Amino acid sequence: MKIAILNGSPKVGNTAAMVDAFAEGAKEAGHEVEILHVGKMKIGGCLACEYCHGKGEGTCVQKDDMEKVMPAYKEADMVVYASPIYYFGMTAQITAAMQRVYAIGKPAKAAKAALLLSSSSPSPYDGAIATYKGILAFTGIEDAGIITAAGDENGSEAKMEEIRAFAKNL
């Protein structure tokens, strides 16, 4: 299975550790993994201009780093979204990348998705999870699971092993 991981964190930290653990487990299980550091990319939000569904024929009018992400979206059998929680939501960078897939409707091959979230607080996840579930409902992609890490769980070996095991068992 080909897995595209979209890391929405703009810095090295807890989310990056979660992404690395997931990638390790998935690779051990024989999956092909591509990590896209969208948190460090320049990706504008969807403009709702409908160029992609008219003249663009699935191509966005904006010319930015989403052009690096879209091939992975199109080829992935599974998409994993990973983000720290910033004031009750995912980062603006990963949110923009999630919105911009609108240009193609849904990832062409993706049958599964997962969500990895980190926070210093144990309860700010509802908005991020609602966004994720809404996208899956719209696209018809199966939810393979959601893993959160809060407070001391962040970076802990127990949490990293949970994530590795989750990825190995896909």
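Within segment 129-170, count every residue that is surrounded by fewer than 14 Cβ atoms within 10 Å (Cβ to Cβ), within 17 Å of residue 27 (Cα to Cα) and of a type in the set (Gly, Ala, Ser).
Of the residues in that region, 1 qualify.
Could you list, in sequence order, all residues of segment 75-90 that are assigned to a loop (DSSP other than H, G, I, E, B) and either surrounded by 14 or more Cβ atoms within 10 Å (Cβ to Cβ) or touching a strand residue (DSSP E or B) at 6+ places or on another chain (Cβ under 9 Å) (or both)? Even if it seems obvious, please write down each step before you answer.
Just the residues of segment 75-90 that are assigned to a loop (DSSP other than H, G, I, E, B), to begin with: 76-77, 85, 87-88, 90.
Once the filter is applied, which keeps residues that are assigned to a loop (DSSP other than H, G, I, E, B) and either surrounded by 14 or more Cβ atoms within 10 Å (Cβ to Cβ) or touching a strand residue (DSSP E or B) at 6+ places or on another chain (Cβ under 9 Å) (or both), segment 75-90 yields 76, 77, 85, 90.
Assigned to a helix (DSSP H, G or I), under 14 Å from the mean Cα position of the chain (by Cα) and surrounded by 15 or more Cβ atoms within 10 Å (Cβ to Cβ), is that true of residue 72? Full working, then the answer.
Numbers: assigned to a helix (DSSP H, G or I): yes; under 14 Å from the mean Cα position of the chain (by Cα): yes; surrounded by 15 or more Cβ atoms within 10 Å (Cβ to Cβ): yes.
Yes, satisfied.
Looking only at segment 133-170, which residues are of a type in the set (Asp, Glu) and closer than 19 Å to residue 84 by Cβ? Give the derivation first.
At the first step, the residues of segment 133-170 found to be of a type in the set (Asp, Glu) are 142-143, 152-153, 157, 161-162.
Hits for segment 133-170 are 152, 153, 162.
Would you check which residues across segment 37-53 are among the hydrophobic types (A, V, I, L, M, F, W, C) and in a loop (DSSP other than H, G, I, E, B) and list them?
Initially, segment 37-53 is screened for residues among the hydrophobic types (A, V, I, L, M, F, W, C), giving 38, 41, 43, 46-49, 52.
Answer for segment 37-53, where residues must be among the hydrophobic types (A, V, I, L, M, F, W, C) and in a loop (DSSP other than H, G, I, E, B): 41, 43, 46, 47, 48, 49.
Would you mind listing the helices (runs of 4 or more DSSP H) fully within segment 91-168 where at least 2 residues are out of contact with any helix residue (DSSP H, G or I) (no Cβ under 9 Å at 6 or more places or on another chain) and within 19 Å of residue 13 (Cβ to Cβ)?
On the way: elements: 92-100, 126-139, 157-168.
In segment 91-168, the matching helices (runs of 4 or more DSSP H) lie at 157-168.
Are there any pairs, at least 6 apart or on different chains, whose C-beta atoms fall under 8 Å, with the first in segment 138-151 and closer than 14 Å to residue 98 by Cβ and the second surrounded by fewer than 17 Cβ atoms within 10 Å (Cβ to Cβ) and at pLDDT 95 or above, and if so, which?
What qualifies is 141/111.
Those residues that are over 12 Å from residue 5 (Cα atoms) and among the hydrophobic types (A, V, I, L, M, F, W, C), I need them from segment 21-39; list them, please.
Passing the criteria: only 29.
Collect the residues in segment 103-128 that are crowded, with 16+ Cβ neighbours inside 10 Å, out of contact with any Gly (no Cβ under 9 Å at 6 or more places or on another chain) and among the hydroxyl-bearing types (Ser, Thr, Tyr), keeping them in residue-number order.
Scanning segment 103-128 gives a single hit, 125.
For the subset of segment 2-22 comprising residues that are in a loop (DSSP other than H, G, I, E, B), in contact (Cβ under 8 Å) with a residue 40 or more places away in the chain and farther than 16 Å from residue 150 by Cα, which member is nearest to the chain's Cα centre (by Cα)?
Checked segment 2-22; the qualifying residue nearest to the chain's Cα centre (by Cα) is 8.
Inspect segment 28-36 for any residue being of a type in the set (D, E, K, R) and part of a loop (DSSP other than H, G, I, E, B) and give the result as yes or no. Break it down into steps so the answer makes sense when it comes.
Applying the first criterion (of a type in the set (D, E, K, R)) to segment 28-36 yields 28, 32, 34.
Now drop any that are not part of a loop (DSSP other than H, G, I, E, B), which leaves none.
For segment 28-36, residues of a type in the set (D, E, K, R) and part of a loop (DSSP other than H, G, I, E, B): absent.
Using the structure shown, decide if residue 56 is surrounded by fewer than 19 Cβ atoms within 10 Å (Cβ to Cβ), over 22 Å from residue 137 (Cβ atoms) and at pLDDT 95 or above.
No: the conditions fail for residue 56.
Going by what's in this entry, would residue 72 be described as more than 26 Å from residue 32 (Cβ to Cβ), touching a strand residue (DSSP E or B) at 6+ places or on another chain (Cβ under 8 Å) and of a type in the set (Gly, Ala, Ser)? Quick ask: steps written out before the conclusion?
Working: more than 26 Å from residue 32 (Cβ to Cβ): no; touching a strand residue (DSSP E or B) at 6+ places or on another chain (Cβ under 8 Å): yes; of a type in the set (Gly, Ala, Ser): yes.
No, not satisfied.
The values are calculated or read from the model by the stated rules, or taken from the named source; none is laboratory data. Model, not experiment: these values are computed from the prediction. Using ideal geometry, Cβ is built from the backbone for each residue, glycine included, and neighbour counts are taken over all protein chains shown.
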